[in-house]
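Report on one structure; see the data block that follows.
The values are calculated or read from the model by the stated rules, or taken from the named source; none is laboratory data. On a predicted model such as this, the values are computed, not experimentally measured, just so you know. For neighbour counting, all protein chains shown are included, and Cβ atoms are generated from backbone atoms with ideal geometry for every residue, glycine included. SASA here: full protein model, heavy atoms, side chains in, ligands and nucleic acids out. Shrake-Rupley method; radii C 1.70, N 1.55, O 1.52, S 1.80 Å.
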Amino acid sequence: MKAKEAFTDLQQEFAVNGIEAKINQKENPVRIEIEIHQGVVNNFIYGVKNQIKTVSEYVVNEENLPDLDDTQTHYPRSYFGDGREGYDVQYFTKNELISDVLKHYERFPEIVSEERNEMFISSNANQKEK
């Protein structure tokens, strides 16, 4: 799994720089996330979860397309601990996923410092079911 490899590499690099990061694996839906403790605000969380997408019957039955046995397919979708909407990451390489996590981690202090985002950074915002 690319996400686990990327998060493990990040965890090791963060440790070298004195930043504690932990990797959480969860079920229902299947997901993995990297969590970085932030102290007075909610922790930074970037996760990848298994998302189900319904495929049209036309596509399933089309003879000129790759065989599909079911009208549902699965793909990895990112999510964030502050409740922002994630996106499809199925075509990200491991390094692109690492870059994406770092991009969001760098933005995190700015997001939590804005008063208008206060409801997203309350002490229990990370507890919301994803």
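Numbers below:
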{"item": "Hits in region 6-20 (condition: in a loop (DSSP other than H, G, I, E, B) and either closer than 17 Å to GLY47 by Cα or open to solvent by 60 Å² or more (accessible area, probe 1.4 Å) (or both))", "result": "ASN17, GLY18, GLU20"}
{"item": "Of the criteria (1) modelled with pLDDT of 95 or more; (2) assigned to a strand (DSSP E or B), which one VAL101 fails", "result": "(2)"}
{"item": "Number of positions in region 21-50 that are at pLDDT 90 or above and crowded, with 16+ Cβ neighbours inside 10 Å", "result": "13"}
{"item": "Long-range neighbours under 9 Å by Cβ, at least six apart or interchain, first residue on the phi < 0 side of the Ramachandran plot within region 15-30, second exposed (fewer than 12 other Cβ atoms within 10 Å of the Cβ) and in a strand (DSSP E or B)", "result": "PRO29/ILE52"}
{"item": "Test: residue in region 81-93 that is modelled with pLDDT under 95, assigned to a helix (DSSP H, G or I) and either farther than 20 Å from GLN25 by Cβ or open to solvent by 30 Å² or more (accessible area, probe 1.4 Å) (or both)", "result": "no"}
